[in-house]
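Right, one structure below, let's go through it.
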Amino acid sequence: MPFFQQLHIADTHVYTWQLTETVAQLSAGLTLSQGEEERLTAIHSQKKQREFLAIRHLLQQAQLPTTALYYTPEGKPLLERQYISITHSHNFVMIALSPCPIGIDIERCTPRILRLAPRFTPWQAPPDMDELTQIQAYTQIWTIKEALYKIADQPSVRFYEDLQIPHFQALAPRQQALITYPEGDKAYEVQSFFWEGYIWTVVSEE
């Protein structure tokens, strides 16, 4: 099952690909530029090659040429006339397109998040919350912070301290978040979505 879903959220378009194909199958449906071919050849992991090709398929779904996408020296994806954010987890690849700065992140829910949580958030699950809900809540926080980090695009931003969800509500589909900059806080709108076993979040300027 290749192209999975397209969602329109306010001014943001989100495209999702579910990876089931081989590199050869994904390549068969694309015409890549010489530069893209060279970039693909330089990728040694088959998983990353498949993700690379799936992103190009999603650009086509968005009626954009694959060559419209380019990267900064730090690896940030860019388009000329709009903003793009890219994420992938296991067999899902997603892109978000918007006229305003945008961040997107998808993660699969696993118990490992419970061990990692104290490293990235001060929020603590209430004692009466069951383990499955805790896993989902901490995964949601992680996706929010990852999406915020992509928008911030500043190495000086501290993941734990500067990416904040002041009034986090576990599993709420909409809430607000902040990025703390030296010149002051900036608020962002958060929307989270829940698929079976996955959580993905898109963050945009208010």
Review point. Contour minus end-to-end for L114 and L79, with contour as 0.36 nm per residue of separation and end-to-end as the Cα-Cα distance?
Key: 9.0 nm
Study note, to complete from the structure: Expected unfolding gain across T72-A170 under the 0.36 nm per residue rule, minus the alpha-carbon gap, is 31.8 nm
Revision key, fill the gap. Counting only DSSP loop positions in region 72-109, the GluC sites (Glu not before Pro) whose Cβ has at most 16 other Cβ atoms within 10 Å are E74, E80
Practice item. Return the aspartates and glutamates within reach of K47: Cα separation strictly under 13 angstrom, same-chain partners fewer than 8 residues apart disregarded; answer none if there are no such residues. Key: E21
**Study point:** Spacing of the two label points (7 Å from each Cα toward its C-beta) at Q34 and S89, in nm
**Key:** 4.0 nm
Review point. Which of the lysines could a cross-linker bridge to K150, judged by Cα under 17 Å and excluding same-chain residues fewer than eight apart?
Key: K76, K186
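Ignoring any ligand, DNA or RNA, what whole percent of the accessible area of region 1-92 comes from carbon and sulfur when the probe is 1.4 angstrom?
Exposed carbon and sulfur together represent 50 percent of the surface.
Counting heavy atoms of the protein chains only and a 1.4 Å probe, report the per residue accessible area for region 29-76 as a whole number of Å².
60 Å²
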Practice item. Work out which helices of the chain, taken as complete DSSP H runs, extend at least 20 Å along their axis over the Cα atoms and score a mean Kyte-Doolittle of -1.0 or more, then list them. Key: 131-152
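The values are calculated or read from the model by the stated rules, or taken from the named source; none is laboratory data. Because the structure is predicted, anything quoted here is derived from the model rather than measured. Ideal geometry is used to build each Cβ from the backbone, glycine not excepted, and the neighbour counts take in all protein chains shown. Each accessible area value is taken on the protein alone, full model and side chains, heavy atoms only, with ligands, DNA and RNA left out. Shrake-Rupley method; radii C 1.70, N 1.55, O 1.52, S 1.80 Å.
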